[in-house]
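Notes for the one structure printed next.
Values in this text are rule-based calculations from the coordinates and carry no lab data. Only a predicted model underlies this, so the values are computations on that prediction, with no experimental measurement involved. Don't worry about glycine lacking a Cβ; one is built from the backbone with ideal geometry, like all the others, and counts go over all protein chains shown.
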Amino acid sequence: MNRKLEHARFQKLITELAEDGRTLRMKRYIQHSNKSTYDHCMDVARHSFFFAKRLHLRVDEVALVRGAFLHDYYLYDWHDHGDHLHGYHHPDIAVANACRDFQLSEKEAGIIRSHMWPLTLTKVPTSKEAAVVCFVDKVCSLRETLNRK
Ligand SMILES: [Fe+2]
Ligand SMILES: [Fe+2]
């Protein structure tokens, strides 16, 4: 698949969720620096998809992109929340919200649940897709914290 086709494929996979009024609420909350949770989730979805492509990983593209885009679907500003254990708790909150609002496969739920591993010790990524999102989220978060684009 050439780059142009890959970009078209990514757009096709992300559009419905990305334009949904419920996921658009993530634009209200700041993730790191000046980046919204929505933009962070979009970055993680995009980089996860292209990372898997570059490594020629045979992944479930639908689950990868949906799980990546919803991985931080916890719907509050964690800076205001006063929860010092936000890092531990938010994957479960995101899974619960995502299952409430969308039809999630077990693999998609697993991607969200395990994305903070190894912080959440027992929630180990159990699929290739979950491992990719777990890794890419850390890279994106670090870049945002260092305030690079
Ligand atoms: Fe997260
Ligand atoms: Fe994240």
Set the Förster radius R0 to 35 Å, insert the Cβ-Cβ distance between Ala8 and Arg100 as r into 1/(1 + (r/R0)^6), and round the FRET efficiency to 0.05. 0.70
Could you give the nm distance between label points at Asp39 and Asp20, where each point is 7 Å from its Cα heading toward the beta carbon? 2.3
If you average the sequence gap of Cα pairs under 8 Å that are 6 or more apart and divide by the length of the chain, what percent do you get for the contact order? 23
With axes computed from alpha carbons, what is the tilt in degrees of helix 3-18 against the longest principal axis of the chain, rounded to the nearest 10 within 0 to 90? 40
With a Förster radius of 22 Å, plug the Cβ-Cβ distance of Leu119 and Asn147 into 1/(1 + (r/R0)^6) and report the FRET value to the nearest 0.05. 0.50
In degrees, nearest 10, range 0 to 90: what is the angle between the Cα axis of helix 128-145 and the longest Cα principal axis of the chain? 60
Quick one: which residues, 5+ away or cross-chain, put their amide H under 5 Å from the amide H of Tyr29? H built at 1.01 Å from N. Thr37, Tyr38
Computed ³J(HN,Hα) along the stretch 56-68: with the Karplus parameters 6.51/-1.76/1.60, θ = phi - 60°, integer Hz and x for glycine or proline, the list is 6, 6, 8, 10, 7, 5, 5, 5, 4, 6, 5, x, 5
Between the stretch 1-39 and the stretch 81-111, the Cα center-to-center distance that results, in Å: 17
What angle, in degrees between 0 and 90 and rounded to the nearest 10, separates the Cα long axis of helix 37-54 from the longest principal axis of the Cα atoms of the chain? 30
